[in-house]
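Before any comments, here is the structure.
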Amino acid sequence: TTDRIVAAEVLLTSPGRNYVTLKISTADGLTGWGDATLNGRELAVAAYLREHLCPQLIGRDPARIEDTWQYLYRGAYWRRGPVTMTAVGAVDLALWDIKGKAAGLPVYQLLGGAVRDRVRAYTHATGWEAGQLCDAVDAVRERGFTAVRVQSGVPGLDSVYGVGRGPGYEPATRGTVPAEEVWDTAAYLRHVPGVLAEVRAHTGPELALLHDAHHRLTPIEAARLGKAVEPADLYWLEDVTPAENPDVLRRVRAHTTVPLAIGEVFSTLWEFQQLITEQLIDHARAAVTHSGGISALRRLAALADVWQVKVSPHGPSDVSPIAMAASLHVALATPNHGIQEYMGYPEQVHEVFRHDWSCTGGHLHPGDAPGLGVDVDEALAARSGYEPALLPVARRRDGSMTDW
Ligand code: GCO
Ligand code: MG
């Protein structure tokens, strides 16, 4: 094509929580939107884009998505890592958005068209006590969800990440210094299998139940947990061990048949490679925006498909509605998509990011608007500026730091 990128700008907005958004404009008058939000490290990605990538985009042909991806990834001496890959992902999303708008087609059509009618989603239910958790699960089921992530409190701990004492939770708190929590793995391991058994007894067999261990366990602890929760028939057990060491999953696999899901903090296909080719996981959890965009997620899905691994992307409220749209376009067109996480958004987020995608009865659809199908209300976005917010950190009972 003869179109050219004429502007690339970064927007920071905080309609309830912080989002970093990339806006690419072309000479033909098209606008592409990308999500560049990296929870708690927003300004690092904003600077990476503003200072380093945006100047390199000016004058480029927006239609050459793959070449731009290769230029930004392969062309860079310092590559990989969450900050870099989120920035590359934002550019990739914006260019797919532009390509769809130029063609007058939703992105999923450009990816080969729908292979399913709708995308199955799971959402979160939390409750400090098992009884509250069962009530939260019932509420989710009434909304039509067929899958739910269940997290509870742990006796003896004051707080547990991602579990509010009341309904719902927000994964980051305002301020420039993180909150500190106390963590006790032994107490967690003693408690959680009973909670999951109670939830399963409450729901009956059909509802898909998921649980997230947030990388806190050693391999043998993970194996023990996997075995202990087998009667609850989980859809998956998520992030059992810290992400750096894929080899240890072999030990976990040797002891349990619980399906494993890993990868929300991974940034490249290469981090998934061994987990997939050795079938050490069942679900690759890459977020479309944190792992290099639609172009990269499709490559991950293609590799995973060879090994019967599913792609089931991360979708908490810190993944903006733009990335959610991108994730859904990929999901609709990808045979080995498993399930999409959908935590939901506060109402003011839906107002800033007006989207064509929808959530009905526990299923999602990207919509049929050209491109990604999200429009950003810039005036409304400008009304709520960036306010620092961070995820908590956790220490063991002796005061030493524990893994995420
Ligand atoms: C999940 C996640 C989130 C993350 C959060 C961090 O499975 O949804 O683990 O709760 O902790 O996205 O930014
Ligand atoms: Mg998780």
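The values are calculated or read from the model by the stated rules, or taken from the named source; none is laboratory data. Fair warning: this is a prediction, and the values are worked out from it, not measured in the lab. Here the Cβ is made from the backbone with ideal geometry for all residues, glycine too, and neighbour counts use every protein chain on show.
The figures follow:
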| item | result |
| --- | --- |
| Residues of the stretch 193-224 that turn out to be away from ligand 2 (no atom under 15 Å from the Cβ) and not hydroxyl-bearing (S, T, Y), as a count | 20 |
| Any hit, the stretch 60-79, residues being free of Cβ contacts under 8 Å to residues at least 40 places away in the same chain and β-branched (V, I, T) | yes |
| Pair list, Cβ under 7 Å, 6 or more apart: the stretch 2-16 residue over 19 Å from V45 (Cα atoms), other residue in a strand (DSSP E or B) | D3/T26; R4/T26; I5/I24; I5/T26; V6/S25; V6/T26 |
| Some residue of the stretch 305-315 being touching a helix residue (DSSP H, G or I) at 6+ places or on another chain (Cβ under 6 Å), modelled with pLDDT of 95 or more, farther than 18 Å from G263 by Cβ and away from ligand 2 (no atom under 16 Å from the Cβ) | no |
| Residues of the stretch 211-246 that turn out to be surrounded by fewer than 18 Cβ atoms within 10 Å (Cβ to Cβ), free of Cβ contacts under 8 Å to residues at least 40 places away in the same chain and either within 16 Å of ligand 1 (Cβ to nearest atom) or in a helix (DSSP H, G or I) (or both), as a count | 6 |
| Residue count for the stretch 283-312, restricted to those that are within 11 Å of ligand 1 (Cβ to nearest atom) and closer than 26 Å to A76 by Cα | 3 |
| From R141, R190, residue being surrounded by 14 or more Cβ atoms within 10 Å (Cβ to Cβ), over 23 Å from the mean Cα position of the chain (by Cα) and more than 16 Å from ligand 1 (Cβ to nearest atom) | R190 |
| Enumerated helices (runs of 4 or more DSSP H) restricted to the stretch 19-117, each holding at least 2 residues that are small (G, A, S) | 42-47, 82-103 |
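Here's the yes/no breakdown for (1) within 16 Å of ligand 2 (Cβ to nearest atom); (2) within 24 Å of V195 (Cα to Cα); (3) at pLDDT below 95; (4) outside the structural domain of W69 (by TED's automatic domain parsing):
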site: G226; (1), (2), (3), (4): no, yes, no, yes
site: A232; (1), (2), (3), (4): no, yes, no, yes
site: Y235; (1), (2), (3), (4): yes, yes, no, yes
site: V240; (1), (2), (3), (4): yes, yes, no, yes
site: T256; (1), (2), (3), (4): no, yes, no, yes
site: W270; (1), (2), (3), (4): no, no, no, yes
site: I276; (1), (2), (3), (4): no, no, no, yes
site: A286; (1), (2), (3), (4): yes, no, no, yes
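Per-residue answers, yes or no, for (1) surrounded by 14 or more Cβ atoms within 10 Å (Cβ to Cβ); (2) among the acidic types (D, E); (3) within 18 Å of L237 (Cα to Cα):
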{"position": "V163", "(1), (2), (3)": "yes, no, yes"}
{"position": "V177", "(1), (2), (3)": "no, no, no"}
{"position": "W183", "(1), (2), (3)": "yes, no, no"}
{"position": "A186", "(1), (2), (3)": "no, no, yes"}
{"position": "L196", "(1), (2), (3)": "yes, no, yes"}
{"position": "R200", "(1), (2), (3)": "yes, no, yes"}
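Listed here are the residues, each with its yes/no results for (1) closer than 30 Å to D3 by Cα; (2) touching a residue at least 24 places away in the same chain (Cβ under 8 Å); (3) of a type in the set (A, V, I, L, M, F, W, C).
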position: A90; (1), (2), (3): yes, yes, yes
position: L95; (1), (2), (3): yes, yes, yes
position: V119; (1), (2), (3): no, yes, yes
position: A125; (1), (2), (3): no, yes, yes
position: G131; (1), (2), (3): no, no, no
position: C134; (1), (2), (3): no, yes, yes
position: G144; (1), (2), (3): no, yes, no
